[in-house]
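One structure is given below, encoded as structure tokens.
The values are calculated or read from the model by the stated rules, or taken from the named source; none is laboratory data. As the structure is a computational prediction, the values presented were derived from the model and not from experiment. Positions of Cβ are generated from backbone atoms using ideal geometry, with glycine treated the same way; all protein chains shown enter the neighbour counts.
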Amino acid sequence: MNNSEHFPFAVRPLPYPAKGLSPYLSARTLKIHHDGHYAMYIQKLNKILECFPQYQKLPLEALILKQAFLPDEIRNEIRINAGGALNHMLYFECLTPAPKSRLSDEFKKIICDNFSSVDNLAELLKKAALSILGSGFAYLASDMSGKMHVLALKNTETPIEERLTPLLPIDMWEHAYYLQYQYNKKDYLDCIMNVINWQRVEMNYFSR
Ligand SMILES: [Fe+2]
């Protein structure tokens, strides 16, 4: 994550063509999600901060971490939109059209130490995702010691609020899957596991 980014925040372009994750995620689903929903969080965040120049130098993570110090009139909106911006930025960057990218032996061992196997981690992520009632994100995150955690977060909550490093979000808002999978969340989850960019997840872990 690039901590130097601050107001005005920009929508990061998709790191692959919109049709690149097809058939697991359709180009239409991905384009509406990225250009519509993700972009909306960035626009709203910038709009809020326009009137509060004293917070414009804060990067996304700091806006989320320091929300208790923000004025009452913007705290909730900042929390929602900074969280949404960060979760979406990471979601799109943790997917890849080249899913066969191998894990390093070192990272694979860390996953196995935490969850027995990569397959078991995938199952735990899917279970967490299916446990979310309404909108939210399932997450793989790590703490300061390097221990990994699987989380089921509501709405646009982030692991940062729990002092954890975000490694891999799975978007469970309906807009992430409904156009293609309707109510079949399990099918969405089974498919998305085929396009996880584990190399990016590994980078997130080792740069924490
Ligand atoms: Fe989303």
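Which condition from (1) within 14 Å of the chain's Cα centre (by Cα); (2) surrounded by 14 or more Cβ atoms within 10 Å (Cβ to Cβ); (3) more than 18 Å from GLN199 (Cβ to Cβ) is the one that PRO169 breaks?
(3)
Rundown of residues vs (1) modelled with pLDDT of 95 or more; (2) β-branched (Val, Ile, Thr); (3) in contact with a helix residue (DSSP H, G or I) (Cβ under 9 Å, 6 or more places away or on another chain), yes/no style:
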| position | (1), (2), (3) |
| --- | --- |
| SER142 | yes, no, yes |
| LYS147 | yes, no, yes |
| LEU168 | yes, no, yes |
| MET172 | yes, no, yes |
| LEU189 | yes, no, yes |
| ILE192 | yes, yes, yes |
| TRP198 | no, no, yes |
| VAL201 | yes, yes, yes |
| SER207 | no, no, no |
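Which residues, taken from the stretch 176-188, are closer than 19 Å to GLY20 by Cβ and either within 17 Å of the chain's Cα centre (by Cα) or not in a helix (DSSP H, G or I) (or both)?
Result: ALA176, TYR177, TYR188.
Limited to the stretch 116-150, what total is found for residues that are closer than 16 Å to GLU174 by Cβ, touching a strand residue (DSSP E or B) at 6+ places or on another chain (Cβ under 7 Å) and not small (Gly, Ala, Ser)?
Count: 2.
Test ALA122 against the criterion of being within 16 Å of the ligand (Cβ to nearest atom), hydrophobic (A, V, I, L, M, F, W, C) and at pLDDT 95 or above, and give yes or no.
no
Give me the residue from the stretch 32-49 that is among the β-branched types (Val, Ile, Thr) and away from the ligand (no atom under 11 Å from the Cβ) and, out of that set, farthest from PHE137 (Cα to Cα).
Filtering the stretch 32-49 for residues that are among the β-branched types (Val, Ile, Thr) and away from the ligand (no atom under 11 Å from the Cβ), the one farthest from PHE137 (Cα to Cα) comes out as ILE48.
Of all residues in the stretch 66-103, which are among the hydrophobic types (A, V, I, L, M, F, W, C) and away from the ligand (no atom under 16 Å from the Cβ)?
Once the filter is applied, which keeps residues that are among the hydrophobic types (A, V, I, L, M, F, W, C) and away from the ligand (no atom under 16 Å from the Cβ), the stretch 66-103 yields ALA68, PHE69, LEU70, ILE74, ILE78, ALA98, LEU103.
Report every pair of residues separated by at least 6 positions or lying on different chains whose Cβ atoms are under 6 Å apart, first residue within the stretch 69-85 and touching a residue at least 12 places away in the same chain (Cβ under 8 Å) and under 15 Å from PRO59 (Cβ atoms), second within 16 Å of the ligand (Cβ to nearest atom) and hydroxyl-bearing (Ser, Thr, Tyr).
ASN81/TYR41; GLY83/THR156; GLY83/THR158; ALA85/TYR41
When both residues are 6+ apart or on different chains and their Cβ atoms are under 9 Å apart, which pairs have a first residue that lies in the stretch 25-48 and is acidic (Asp, Glu), and a second that is surrounded by fewer than 18 Cβ atoms within 10 Å (Cβ to Cβ) and not in a helix (DSSP H, G or I)?
ASP35/VAL11
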